[in-house]
Amino acid sequence: MTGRSEKPDAGADAAEAFGDAIDAANKKASDALEMAMRIQADFDNYRKRSQKENEEFRKYATETLISDILGIVDDLDRALLHADRDSHLTAGVNGIRSNLMKMMNSHGVTEIPVAKFDPSVHEALCVVPGEKDGDIAEVFQKGYRIGDRVLRYAKVKVTKRSTEEEGEQKCQES
């Protein structure tokens, strides 16, 4: 009889071992699923980050080229300033400048407004007496931005409320 009593114990041990094996396999599967979900989330984050970086790169990739073109726009402005207004040549130069500005506007380039001095977008080259502090008296060179990034700071002459003793213009030598 002892042989028969050992068989139920052997079956119980085998069932218990089988149950333990199933539990271990389920835990292993659960761990693998959790790891796969983490990897998927990491990959999604990587894809989103890469897409954002590519968009930023495309947005600012032409920055150097546009900065060089701004020098040409400045030259055209100086030429138009001293040209005969009724000349066909002046009309042609004005048309070229207009086309360049349209092209740059289509790439997100905008001129920086020069109503009130803002040190984040203006570079003060001179300070002159005036009625109010911080007004812009003269623009030496226009400033431009692409999107929210400044391409070139506007170079300006700024007013400062003057007292009786002050009367001299203070300018940087460039």
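The values are calculated or read from the model by the stated rules, or taken from the named source; none is laboratory data. Keep in mind it's a predicted model, so treat the numbers as computed, not measured. Neighbour counts are summed over all protein chains in view; Cβ atoms, including those assigned to glycine, are modelled from backbone coordinates with ideal geometry.
Below, the figures for the structure above:
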| item | result |
| --- | --- |
| Selection status of residue 74, of a type outside the set (Gly, Ala, Ser), in a helix (DSSP H, G or I), in contact with a strand residue (DSSP E or B) (Cβ under 7 Å, 6 or more places away or on another chain) and at pLDDT 90 or above | yes |
| Pairs where the first residue, in region 128-142, is touching a residue at least 24 places away in the same chain (Cβ under 8 Å) and outside any strand (DSSP E or B) and the second is of a type in the set (S, T, N, Q) and surrounded by 15 or more Cβ atoms within 10 Å (Cβ to Cβ), C-beta under 8 Å, 6+ apart | 131/159; 132/159; 133/159; 134/159 |
| Hits in region 78-117 (condition: closer than 19 Å to residue 146 by Cβ and touching a residue at least 24 places away in the same chain (Cβ under 8 Å)) | 97, 100, 101, 104, 107, 108, 109, 110, 111, 112, 114 |
| Candidates 76, 81, 70 - the one that is out of contact with any Cys (no Cβ under 9 Å at 6 or more places or on another chain) and exposed (fewer than 10 other Cβ atoms within 10 Å of the Cβ) | 81 |
| So residue 127, is it farther than 21 Å from residue 79 by Cβ, surrounded by 17 or more Cβ atoms within 10 Å (Cβ to Cβ) and either more than 28 Å from the chain's Cα centre (by Cα) or among the aromatic types (Phe, Trp, Tyr) (or both) | yes |
| Region 28-60, subset surrounded by 10 or more Cβ atoms within 10 Å (Cβ to Cβ) and among the basic types (Lys, Arg), residue farthest from the chain's Cα centre (by Cα) | 28 |
